[in-house]
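Contents: one structure, followed by commentary.
The values are calculated or read from the model by the stated rules, or taken from the named source; none is laboratory data. This one's a predicted model, so the numbers in the text were calculated from it and none came from an experiment. Heads up, the Cβs are rebuilt from the backbone with ideal geometry, glycines too, and the neighbour counts pull from every protein chain shown. Just so you know, the surface numbers come from the protein's heavy atoms only, side chains and all, with ligands and any DNA or RNA stripped out. Shrake-Rupley method; radii C 1.70, N 1.55, O 1.52, S 1.80 Å.
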Amino acid sequence: MDIKKVLVLGGGTMGNGIAHVCAQYGFNVQLKDLTEDVLAKSVGIIKTNMERQVAKGKLTEADMNASLGRIKTITKNEDIDNDVDLMVEAVFENVELKKKEFAIMDELLPAHTILATNTSSQSITKVASATKRPEQVIGMHFFNPVPMMKLVEIIRGYVTSDETYKATHDMTLKLEKTPIEVNDYPGFATSRLIMVMINEAIFALWEGVGTPEAIDTGMKLGMNHPMGPLALADLVGLDIALNVMNTLVAGYGDDKYRPCPLLKKMVDAGHLGRKSGKGFYDYSK
Ligand SMILES: NC(=O)c1ccc[n+]([C@@H]2O[C@H](COP(=O)([O-])OP(=O)(O)OC[C@H]3O[C@@H](n4cnc5c(N)ncnc54)[C@H](O)[C@@H]3O)[C@@H](O)[C@H]2O)c1
């Protein structure tokens, strides 16, 4: 299947990045969000990020203008074109909202259209169950910031077809990104492994193994990680980290995923990391 037109649902952090790379690599994009204001902000971010690429010599000014010209913003379902080949959903991380949007898009979009979700933790199989085309539903998990990060974790739902997988895989290569193929289990591959490491680092802190600085420096200099796990937890948000751990416990029924009591206590206290000004480190200044 030859994908030419992409509908991106949600123009937030991930949606604007996905629209950016699709337009940059020649795909026509419809970017849909709830209001014109959000979309104006979203396109402003795409333009700023492309200007940065131009300044670094990674994109010509002409290519930037052509790419921006390929992005059309919309707020209404009536304005969705009838020749969309791929939808990539990047609305809030709420499975009921995702299911609702997938049911609507299933009715609206042509029979051949692939419906992908950028979810980082929800079940692809569950989202697919809201549609009459579960074989054409797949996870396309991009990483933040999308224009910089090379990985796309492609997640096959329980009944995702080989054709859907192949089209998504080929599309990822056209975006000059590296796909990995994984099956639909809680946390997939990436979120599962990174959150287990973060949770274990919090246990180490809680048990008095070392200070946050010692634990993070150990992983940075000893294991060559670009960032220590506690600093990473602060960046991701401690509420998000707790949420993913709870999803893993519920999904696998294995208490090896139990969230550290210190993580729960910090979330209760509103110490969520960078976004609240305080986590394992202080960001108030
Ligand atoms: N932020 C990350 O680092 C990251 C990384 C990988 C995957 N994800 C996943 O990507 C998805 C989006 O995350 P985000 O960080 O971009 O969120 P965000 O809050 O920045 O953006 C979500 C956008 O969706 C819009 N929206 C909500 N309901 C909508 C609807 N019905 N129709 C159209 N637009 C709607 C909102 O107005 C908002 O602009 C989530 O599923 C998240 O788990 C996030």
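Scanning the stretch 63-83 for residues that are open to solvent by 70 Å² or more (accessible area, probe 1.4 Å) and over 17 Å from Asn16 (Cα atoms) returns Asp63, Lys76, Glu78, Asp79, Asn82, Asp83.
A single entry from Thr113, Thr60 fulfils the requirement of being open to solvent by 20 Å² or more (accessible area, probe 1.4 Å) and not hydrophobic (A, V, I, L, M, F, W, C): Thr60. Scanning the stretch 236-255 for residues that are open to solvent by 50 Å² or more (accessible area, probe 1.4 Å) and within 16 Å of the ligand (Cβ to nearest atom) turns up Val236, Asp239, Ile240, Asn243, Asn246.
When Thr13 is tested against the conditions (1) open to solvent by 20 Å² or more (accessible area, probe 1.4 Å); (2) hydroxyl-bearing (Ser, Thr, Tyr); (3) modelled with pLDDT of 95 or more, the lone failure is (3).
Out of the residues in the stretch 8-33 that are near the ligand (Cβ under 6 Å from one of its atoms) and part of a helix (DSSP H, G or I), state the one that is farthest from Met105 (Cα to Cα).
Going through the stretch 8-33, the residues near the ligand (Cβ under 6 Å from one of its atoms) turn out to be 9-15, 32-33.
After this cut, where a residue has to be part of a helix (DSSP H, G or I) as well, the list is 13-15.
Working: Thr13: 22, Met14: 19, Gly15: 17 Å.
Of everything passing the filter in the stretch 8-33, Thr13 is farthest from Met105 (Cα to Cα).
Looking only at residues in the stretch 116-153 that are within 20 Å of Asp2 (Cα to Cα), more than 13 Å from the ligand (Cβ to nearest atom) and in contact with a strand residue (DSSP E or B) (Cβ under 8 Å, 6 or more places away or on another chain), the one that is most open to solvent (accessible area, probe 1.4 Å) is Gln136.
Residues that are closer than 30 Å to Ile45 by Cα, crowded, with 17+ Cβ neighbours inside 10 Å and modelled with pLDDT of 95 or more are absent from the stretch 207-217 altogether. Considering only the stretch 248-259, I want to know if a residue exists there that is of a type in the set (Val, Ile, Thr) and in contact (Cβ under 8 Å) with a residue 12 or more places away in the chain. Scanning the stretch 248-259, I find no residue that is of a type in the set (Val, Ile, Thr) and in contact (Cβ under 8 Å) with a residue 12 or more places away in the chain, so the answer is no. With respect to the stated conditions, Ile46 is at pLDDT 95 or above and under 17 Å from the mean Cα position of the chain (by Cα).
Residue count for the stretch 44-53 satisfying the condition of being more than 12 Å from the ligand (Cβ to nearest atom) and in contact (Cβ under 8 Å) with a residue 24 or more places away in the chain: 4. Scanning the stretch 272-282 for residues that are touching a helix residue (DSSP H, G or I) at 6+ places or on another chain (Cβ under 9 Å) and either open to solvent by less than 60 Å² (accessible area, probe 1.4 Å) or of a type in the set (A, V, I, L, M, F, W, C) (or both) returns Leu272, Gly273, Ser276, Gly279, Phe280, Tyr281. The set of residues from the stretch 82-115 being within 16 Å of the ligand (Cβ to nearest atom), under 14 Å from Leu9 (Cα atoms) and of a type in the set (D, E, K, R) comprises Glu89, Glu93, Lys98, Lys99, Lys100, Glu101, Asp106. Note on the stretch 154-174: among residues that are in contact (Cβ under 8 Å) with a residue 40 or more places away in the chain and open to solvent by less than 30 Å² (accessible area, probe 1.4 Å), the one that is nearest to the ligand (Cβ to nearest atom) is Thr168.
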